[in-house]
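The values are calculated or read from the model by the stated rules, or taken from the named source; none is laboratory data. Please read all numbers here as calculations on a predicted model, not as lab measurements. For neighbour counting, all protein chains shown are included, and Cβ atoms are generated from backbone atoms with ideal geometry for every residue, glycine included. Areas reflect the complete protein model, heavy atoms only, side chains present, ligands, DNA and RNA absent. Shrake-Rupley method; radii C 1.70, N 1.55, O 1.52, S 1.80 Å.
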Amino acid sequence: MFKAIVSAETLTSALDSVSVLVDECKIHLEEEGLEIRAVDPANVGMVDLSLEAAAFESYEADGGLIGVDLSRLEDIAGMADSGQLIQLELDEETRKLHIQIDGLEYTLALIDPDSIRQEPDIPELDLPARVVLEGKDVNRSVTAADMVSDHIALGVDEGEEFFYVDAEGDTDDVHLELTREDLIDLQVGPAHSLFSLDYLKDMNKAIPGDAEVTLDLGEEFPVKIYFGFAEGLGQVTYMLAPRIQSD
Amino acid sequence: MGNAALRDIAVIEDVPFDEIEGVIAVDAHNWLYRYLTTTVKWTASEKYTTADGTEVANLIGIVQGLARFFEHDVTPVMVFDGGPSQLKSEEIESRREQRRTYEEQLETAREEGDEVAIAQLESRTQRLTPTIQETSRELLELLDVPVVEAPAEGEAQAAHLVKRGDADYVGSEDYDALLFGAPLTLRQLTSKGDPELMDLEATLERHDLTLEQLIDAAILIGTDFNEGVSGIGPKTAISEITERGDLWSVLEARGDTIEYGDRVRQLFRDPNVTDDYGFETTIEPDLEAARAYVTDEWSVAAGEVERSFERIEEYATQTGLDRWT
């Protein structure tokens, strides 16, 4: 059983943060809210999303599991204005999701969850450094790095106590330092890892500019990126595996 | 190269490379041959010929081809042919015959300076020389790509890997993969566009045949190992087998014979394959050694392979999250 009413904005934010990594996903319809966990086919980027029942106008569920084609569902949600409400109801018999937006009715065929890539195990990471910053600073770093390179190094200078971003291109380089004053919070620790910008750019697309974003970092370790949405009732955690640094 | 008439029977659809995941058991000779014919056709031979005149275009093909696999996160396992089966040796003999003809024509074309004819004929006269066999294996080893040695047909062994669940797809241009019982076969792996996926189960379902009947129908049309019955095309073969049940009943009814028919049938039904293989799918290429091997040891122009090596490097330096679980 699943029946819910949610604002288009909240639903779209949730879907967008998953669709930057995968085309299809499983959605757990728990009593307390929605849960989605997915990894890209190359096993490099992972998303773990939860959206509490309180983020919905109304919400009833009893632990079901559905598989969805994300771009389909995003297209439908895109039919609503951001303030509009979207009504979702699962038909257990036909395995279809009935979606209503202000008189518009859409019946979405679901995907067999067994045909969707298995949900990943969450890596156990003990990351020594923590950087808390505004979404717009993440965007600035990624955008600048992308102008010169395919990779981006993220690290923390323990002595001088700042967070830095490095990108080295064939001819041009980008370097950005954010000190305690520029950041919301900084826990200093040994941290320097290189990441693929292809992935980071996609993740960045889902990060709101005004969000408070936390980056947990280590030495040649995955980065954990997390932020809230829907007034803190939704939480997105990305994990991205590093590249090995040859030099 | 298998019988292209099988294409009319097989269920085949284009599938974007990005949607393919897992392990591909590649019919190595077939794959290398494709690269040799295209590489030779489009690039100048001085770029992959050593000072003493040995051609190693296969090295360019391997580097380009592997980059394509890695870039799409699929793991190739190269399956090499063992000795040819006795029946196929007749096919090989006739190909040799044809090659001699091409070589004579090539000689004439060179004398006449006909560039187009030379290019066409050069690609046709390519063969897997001992040097090509040996250097291919050595380069694959440096790049840490698993190799499986087939007792006979590489294709049959590749199909066997998929049937046993050790690989997800056979990679071959050859439609015969279907007859060896390959559940899923990818074609056009060396081309620029999307690969084609050939589905055995869907094929059998479409014609309401068993695999044994499909093999019989193919024998009627003709395979690598036998001449078909003259006048029988894909449509007739299927309807005849559906109506009469099997190869022998069809032949009897038509008063036709197929030489070695029972042996060809046996070759597809119970091919010479082995369970004696093992490989790891975590690939850690030694790129420095591979680069040196190709450009220093075998004098391939660096420009021909550098871009592909960079693409392989890109793959090799990206870790997966499973390392931390």
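State yes or no: is B:Arg311 assigned to a helix (DSSP H, G or I), within 13 Å of chain A (Cβ to nearest Cβ) and under 25 Å from the mean Cα position of the chain (by Cα)? Full working, then the answer.
Details: assigned to a helix (DSSP H, G or I): yes; within 13 Å of chain A (Cβ to nearest Cβ): yes; under 25 Å from the mean Cα position of the chain (by Cα): yes.
So B:Arg311 fits the description; yes.
How many residues, within the stretch A:133-153, are modelled with pLDDT of 95 or more, open to solvent by 10 Å² or more (accessible area, probe 1.4 Å) and outside any helix (DSSP H, G or I)?
Going through the stretch A:133-153 one residue at a time, the tally reaches 1.
Counting only residues that are closer than 20 Å to B:Gly222 by Cα and touching a residue at least 40 places away in the same chain (Cβ under 8 Å), how many does the stretch B:250-275 have? I'd like the intermediate steps shown before the answer.
We begin by selecting, within the stretch B:250-275, every residue closer than 20 Å to B:Gly222 by Cα; these are B:250-271.
Filter once more, so that each one left must be touching a residue at least 40 places away in the same chain (Cβ under 8 Å): B:260-261, B:263-265, B:267-269, B:271.
Here the count works out to 9.
Quick check on this structure: which one of A:Asp182, A:Asp202, A:Asp216 is assigned to a strand (DSSP E or B), modelled with pLDDT of 95 or more and either within 14 Å of chain B (Cβ to nearest Cβ) or open to solvent by 20 Å² or more (accessible area, probe 1.4 Å) (or both)? Show your work before the answer.
On the way: A:Asp182 fails: assigned to a strand (DSSP E or B); A:Asp202 fails: assigned to a strand (DSSP E or B).
The conditions single out A:Asp216.
In this structure, is A:Thr171 away from every other protein chain (no Cβ under 14 Å), surrounded by fewer than 18 Cβ atoms within 10 Å (Cβ to Cβ), in contact with a strand residue (DSSP E or B) (Cβ under 8 Å, 6 or more places away or on another chain) and among the β-branched types (Val, Ile, Thr)? Explain how you work it out, then say what you get.
Values: away from every other protein chain (no Cβ under 14 Å): yes; surrounded by fewer than 18 Cβ atoms within 10 Å (Cβ to Cβ): yes; in contact with a strand residue (DSSP E or B) (Cβ under 8 Å, 6 or more places away or on another chain): no; among the β-branched types (Val, Ile, Thr): yes.
For A:Thr171, the condition - away from every other protein chain (no Cβ under 14 Å), surrounded by fewer than 18 Cβ atoms within 10 Å (Cβ to Cβ), in contact with a strand residue (DSSP E or B) (Cβ under 8 Å, 6 or more places away or on another chain) and among the β-branched types (Val, Ile, Thr) - is not met.
Among the candidates B:Thr295, B:Thr236, single out the residue that is within 30 Å of B:Leu66 (Cβ to Cβ), away from chain A (no Cβ under 14 Å), without any contact (Cβ under 8 Å) to a residue 24 or more places away in the chain and not in a loop (DSSP other than H, G, I, E, B). Spell out how you get there, then give the answer.
Working: B:Thr236 fails: within 30 Å of B:Leu66 (Cβ to Cβ).
Only one candidate passes the filter, namely B:Thr295.
How many residues are open to solvent by 20 Å² or more (accessible area, probe 1.4 Å) and under 21 Å from B:Trp324 (Cβ atoms) if we restrict to the stretch A:219-239?
Selection size over the stretch A:219-239: 7.
Within the stretch A:67-83, can one find any residue that is surrounded by 20 or more Cβ atoms within 10 Å (Cβ to Cβ), within 14 Å of chain B (Cβ to nearest Cβ) and under 30 Å from A:Ala241 (Cβ atoms)?
Within the stretch A:67-83, none of the residues are surrounded by 20 or more Cβ atoms within 10 Å (Cβ to Cβ), within 14 Å of chain B (Cβ to nearest Cβ) and under 30 Å from A:Ala241 (Cβ atoms).
Tally up the residues in the stretch A:219-247 that are within 13 Å of another protein chain (Cβ to nearest Cβ), farther than 18 Å from A:Phe163 by Cβ and β-branched (Val, Ile, Thr), please.
2
What residue, among those in the stretch A:117-132 that are over 16 Å from A:Tyr226 (Cβ atoms) and open to solvent by 80 Å² or more (accessible area, probe 1.4 Å), is modelled with the highest pLDDT?
Top of the filtered list is A:Asp121.
Step by step: first the residues of the stretch A:40-63, then only those that are away from every other protein chain (no Cβ under 12 Å) and free of Cβ contacts under 8 Å to residues at least 60 places away in the same chain, then the one that is most open to solvent (accessible area, probe 1.4 Å). Which residue is that? Outline the logic, then answer.
Just the residues of the stretch A:40-63 that are away from every other protein chain (no Cβ under 12 Å), to begin with: A:49-63.
Then drop every residue that is not free of Cβ contacts under 8 Å to residues at least 60 places away in the same chain, which leaves A:53, A:56-60, A:63.
Working: A:Ala53: 28, A:Phe56: 16, A:Glu57: 121, A:Ser58: 50, A:Tyr59: 38, A:Glu60: 97, A:Gly63: 43 Å².
My answer is A:Glu57.
Going residue by residue through the stretch A:25-39, is there one that turns out to be within 14 Å of chain B (Cβ to nearest Cβ) and open to solvent by less than 30 Å² (accessible area, probe 1.4 Å)?
Restricting attention to the stretch A:25-39, the residues satisfying the condition of being within 14 Å of chain B (Cβ to nearest Cβ) are A:37-39.
With open to solvent by less than 30 Å² (accessible area, probe 1.4 Å) added as a condition, the list becomes A:38-39.
Checked the stretch A:25-39: at least one residue is within 14 Å of chain B (Cβ to nearest Cβ) and open to solvent by less than 30 Å² (accessible area, probe 1.4 Å).
How many residues does the stretch B:190-242 contain that are hydroxyl-bearing (Ser, Thr, Tyr) and within 17 Å of the chain's Cα centre (by Cα)? Please lay out each step first, then the result.
Within the stretch B:190-242, the subset hydroxyl-bearing (Ser, Thr, Tyr) is B:190-191, B:203, B:210, B:223, B:230, B:236, B:239, B:242.
With within 17 Å of the chain's Cα centre (by Cα) added as a condition, the list becomes B:190-191, B:223.
The number of residues fulfilling the criteria is 3.
Name the one entry in B:Thr317, B:Thr282 that is within 14 Å of chain A (Cβ to nearest Cβ), of a type in the set (Val, Ile, Thr) and within 17 Å of A:Gln245 (Cα to Cα). Outline the logic, then answer.
Working: B:Thr282 fails: within 17 Å of A:Gln245 (Cα to Cα).
Among B:Thr317, B:Thr282, only B:Thr317 is within 14 Å of chain A (Cβ to nearest Cβ), of a type in the set (Val, Ile, Thr) and within 17 Å of A:Gln245 (Cα to Cα).
Based on this model, can you work out whether B:Val273 counts as among the hydrophobic types (A, V, I, L, M, F, W, C) and either in contact with a Leu (Cβ under 7 Å, 6 or more places away or on another chain) or surrounded by fewer than 13 Cβ atoms within 10 Å (Cβ to Cβ) (or both)? Walk me through it before giving the result.
Working: among the hydrophobic types (A, V, I, L, M, F, W, C): yes; either in contact with a Leu (Cβ under 7 Å, 6 or more places away or on another chain) or surrounded by fewer than 13 Cβ atoms within 10 Å (Cβ to Cβ) (or both): no.
In short, no.
Restricting attention to the stretch B:276-292, which residues are in contact (Cβ under 8 Å) with a residue 40 or more places away in the chain and either in the same structural domain as B:Asp144 (by the TED database) or under 25 Å from the mean Cα position of the chain (by Cα) (or both)?
Correct list: B:Tyr277, B:Phe279, B:Glu280, B:Thr281, B:Ile283, B:Glu284, B:Pro285, B:Ala290.
Which residues, counting only those in the stretch B:137-171, are acidic (Asp, Glu), touching a strand residue (DSSP E or B) at 6+ places or on another chain (Cβ under 6 Å) and surrounded by fewer than 23 Cβ atoms within 10 Å (Cβ to Cβ)? It would help to see each step written out before you state the result.
Within the stretch B:137-171, the first condition is being acidic (Asp, Glu), and the residues that meet it are B:138, B:141, B:144, B:149, B:153, B:155, B:166, B:168.
Subsequent filtering for residues that are touching a strand residue (DSSP E or B) at 6+ places or on another chain (Cβ under 6 Å) retains B:149, B:155, B:168.
Result: B:Glu149, B:Asp168.
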